[in-house]
């Protein structure tokens, strides 16, 4: 009888702990326009797998590029770098700068990692991801980015830098290649504080 009471007590305390733990978890539903509704798997520069929802709770700044690009992508990447410098040093738990490959066949994890290193991007704040063609197209459509392969090594694409709030909703989008980064940097700072 004593063993039965001890077992019941242990079970009772376990259930109480489980209830308390589950109540402490934020079970927030995603907003319909959250980028985190895109439920696909991506591969990071270190070869690990990630989903977009893994960025939830962080401000994310994105651009879609391909590493073999010799025209717009280097400028887009430079703008991302300049924006991050203007924002200043931040906790990687607050902000992630995410480069998204539109050429996953060429942009292997090794290539993406080398690209980040070549561009002096701190890997804690910077993430480079790729997926398959279908997932990349779906994300591009959600982000209002158009791209088209015009030869085996060249793509035509939108030049857009997007800032997403911590809940994955679009906070700001900058289109075109210009050095007017002040507005984008200010939006990132504003989103960090929210």
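Among 85, 189, which comes first, then next, by fewest other beta-carbon atoms within 10 Å?
Numbers: 85 11, 189 15.
Ordered from fewest to most neighbouring Cβ atoms within 10 Å, 85, 189 come out as 85, 189.
For the pair residue 134 and residue 50, how long in nm is the line joining their label points, each one 7 Å along Cα→Cβ?
The answer from the label model is 2.3 nm.
Test of understanding: what is the full-extension gain from residue 193 to residue 105, defined as 0.36 nm times their sequence separation minus their Cα-Cα distance?
Numbers: separation 88, 0.36 × 88 = 31.68 nm, distance 3.77 nm.
Result: 27.9 nm gained on full extension.
Which distance in nm do the two modelled labels at residue 94 and residue 30 give, with both placed 7 Å along the Cα-to-Cβ direction?
According to this spin-label approximation, the distance is 2.6 nm.
So how much slack lies between residue 186 and residue 85, counting 0.36 nm per residue of separation and subtracting their Cα-Cα distance, in nm?
Details: separation 101, 0.36 × 101 = 36.36 nm, distance 1.18 nm.
In short, 35.2 nm is gained.
Percent of alpha carbon pairs in region 41-194 separated by more than 28 Å?
On the way: 1193 of 11781 pairs.
In whole percent, the share of Cα-Cα pairs in region 41-194 beyond 28 Å is 10.
From Cα pairs below 8 angstrom and at least 6 apart in sequence, can you work out the relative contact order of region 35-193, rounded to a whole percent?
On the way: 282 pairs, mean separation 49.9, N = 159.
For region 35-193, the relative contact order is 31 percent.
Bear in mind these aren't lab numbers, they're just calculated from the coordinates by the rules spelled out. A quick note: this is a predicted structure, and the numbers were derived from the prediction, not measured. Counting neighbours? That spans all protein chains shown, and the Cβs are built from the backbone with ideal geometry, glycine included.
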